[in-house]
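The values are calculated or read from the model by the stated rules, or taken from the named source; none is laboratory data. The structure presented is a predicted model; accordingly, all values stated were derived computationally and were not measured. Note that we place each Cβ from the backbone using ideal geometry, even for glycine, and neighbour counts take in every protein chain shown.
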Amino acid sequence: MKYLISLILFFSCYSFLTAKTLMLIEVSGGIEGTIEIELMENISPNHVKQIIHLVNNKKYDGVVFHRVIEGFMAQTGDVKFGNIFLGVSPEMVGRGGSDLDDLKSEFSDIPFDRGIVGMARAQNPNSANSQFFIMLADGHFLNGNYTVFGKVISGMDVVDKIKKGDPDKNGMIEKNPDYMREVLIKNK
């Protein structure tokens with residue numbers, strides 16, 4: 001009987017320790033599809049907490065991918081100036097955040113490989129707020145300088161198809177951007 005109870009406790013603890021929090025992004029616009037991101041709560045707990053708060057409060061629904069650079073990354077998350085349902089401000093998108101406080105950096109040793117999701121920020125390392133980017137290719141020059149908070153576990157084919165921006169304008173997309181139609185948090 002002790003053996004059976006020990007096994008039950010072991011497996012219940014194991015499933016707790018291996019539980020994953022996922023962010024699901026339904027992409028719309030010129031493409032349709034789902035991106036599934038595993039959040040790294042153990043690596044950047046404060047950033048993940050803020051992302052989950054923004055998702056649960058529907059702040060990311062309708063937010064455009066405003067800056068997409070071929071062979072580098074796709075950036076989104078400007079909830080202030082980049083919501084397609086509320087009106088995108090082309091001259092301001094990419095400069096906004098949310099009503100929440102900026103975050104102190106949580107840099108790690110995780111390399112910026114293809115599929116890694118990091119927080120965008122201004123020059124100040126402690127200025128990340130709501131914007132984030134998904135790596136289209138390895139970008140190790142970012143290592144140790146930006147906070148990693150997740151990785152794509154399915155849907156990189158969707159990420160690869162997100163509309164690319166003008167290379168002469170640092171990847172900015174001026175017309176008909178793809179956007180996050182709906183973003184959800186799921187525990188697995």
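Check whether at least one residue in region 93-113 is more than 21 Å from Ile52 (Cα to Cα), touching a Leu at 6+ places or on another chain (Cβ under 8 Å) and of a type in the set (Asp, Glu), and report yes or no. Scanning region 93-113 turns up no residue that is more than 21 Å from Ile52 (Cα to Cα), touching a Leu at 6+ places or on another chain (Cβ under 8 Å) and of a type in the set (Asp, Glu).
Taking into account only those residues within region 161-188 that are part of a loop (DSSP other than H, G, I, E, B) and of a type in the set (Val, Ile, Thr), which is modelled with the lowest pLDDT?
Step one: filter region 161-188 for residues part of a loop (DSSP other than H, G, I, E, B), giving 162-165, 170-171, 173-178, 188.
Okay, now just the ones that are also of a type in the set (Val, Ile, Thr), so 162, 173.
On the way: Ile162: 98, Ile173: 95.
Restricting to residues being part of a loop (DSSP other than H, G, I, E, B) and of a type in the set (Val, Ile, Thr), the top hit is Ile173.
Restricting attention to region 85-122, and to residues there that are in contact with a helix residue (DSSP H, G or I) (Cβ under 8 Å, 6 or more places away or on another chain), more than 24 Å from Ile153 (Cα to Cα) and among the hydrophobic types (A, V, I, L, M, F, W, C), which single residue is surrounded by the most Cβ atoms within 10 Å (Cβ to Cβ)? Per the stated criteria, the residue is Leu103.
Whenever a residue of region 152-177 is at negative phi and free of Cβ contacts under 8 Å to residues at least 60 places away in the same chain, its partners that are hydrophobic (A, V, I, L, M, F, W, C) and in a loop (DSSP other than H, G, I, E, B), lying with C-beta atoms within less than 7 angstrom and at least six residues away or across chains, give the pairs Asp160/Leu136. Can Glu106 be described as of a type in the set (Asp, Glu), outside any helix (DSSP H, G or I) and farther than 13 Å from His47 by Cα? So Glu106 fails the test.
Where in region 16-83 are the strands (runs of 3 or more DSSP E), entirely inside, with at least 1 residues that are of a type outside the set (A, V, I, L, M, F, W, C), within 15 Å of Ser98 (Cα to Cα) and modelled with pLDDT of 95 or more? I'd like the intermediate steps shown before the answer.
Numbers: elements: 21-28, 33-39, 63-69, 73-76.
Ranges flagged: 73-76.
Annotation: of all residues in region 131-160 being hydrophobic (A, V, I, L, M, F, W, C), surrounded by fewer than 16 Cβ atoms within 10 Å (Cβ to Cβ) and not in a strand (DSSP E or B), the one that is farthest from the chain's Cα centre (by Cα) is Phe141.
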